[in-house]
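What follows is a short report on a single structure.
The values are calculated or read from the model by the stated rules, or taken from the named source; none is laboratory data. None of the values given here were measured: they were computed from a predicted structure. Methodologically, a virtual Cβ is constructed for each residue, glycine included, from the backbone with ideal geometry; neighbour enumeration extends over all protein chains shown.
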């Protein structure tokens, strides 16, 4: 037969177990969401409510696509001078092919044959982290053009137009003319995939 002391201990333990059970059931449990079962995110992405959240530089349902991939190609350029210190240059049109090439990072790419000049290579373009269709041309590292006395100025940028698969860009250049005067020109560039 149980003594009074034993019954008190059993009752106390039962009360404690009921209390702990209630606390356990009512607590929010931290762990993977059931909606993420079977979801695999690449390149350091993670699953949140069944969808991958991608790190900067990657996109797609599984973060498996580098953001620069849509730019990497040969592009046929139609370049129009839309502004210039020299009125006679305004409205001039040039056609050439330029090449967008991969760099070591998923957020940048190179432009080669810029302005149709085979010496103007490896200009760095940086993709916008908020909208990966947009990019800016890095004006700090335009040293590959300096020997030709051409400098890229701020606000030189472009964007990929998904609907038409074109790249549109506006570029502002400061360059030395044949008469040794400095001139600023602004170009509008419409680029379509080479041989597309």
Can you pull out the residues in region 34-79 that are farther than 26 Å from residue 110 by Cα and either surrounded by 16 or more Cβ atoms within 10 Å (Cβ to Cβ) or in contact with a strand residue (DSSP E or B) (Cβ under 6 Å, 6 or more places away or on another chain) (or both)? 36, 39, 41, 46, 47, 52, 53
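Let's see how each residue does on (1) touching a helix residue (DSSP H, G or I) at 6+ places or on another chain (Cβ under 8 Å); (2) surrounded by 13 or more Cβ atoms within 10 Å (Cβ to Cβ); (3) at pLDDT 95 or above:
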position: 121; (1), (2), (3): yes, yes, no
position: 124; (1), (2), (3): no, yes, no
position: 142; (1), (2), (3): no, yes, no
position: 155; (1), (2), (3): no, no, no
Got a number for residues in region 99-121 being over 20 Å from residue 78 (Cα atoms) and touching a strand residue (DSSP E or B) at 6+ places or on another chain (Cβ under 8 Å)? 6
Can you list the strands (runs of 3 or more DSSP E) lying wholly within region 56-147 that have 3 or more residues being without any contact (Cβ under 8 Å) to a residue 24 or more places away in the chain and under 30 Å from residue 181 (Cβ atoms)? 93-102
Taking the stated definitions as given, is residue 52 modelled with pLDDT of 95 or more, in a strand (DSSP E or B) and touching a helix residue (DSSP H, G or I) at 6+ places or on another chain (Cβ under 7 Å)? no
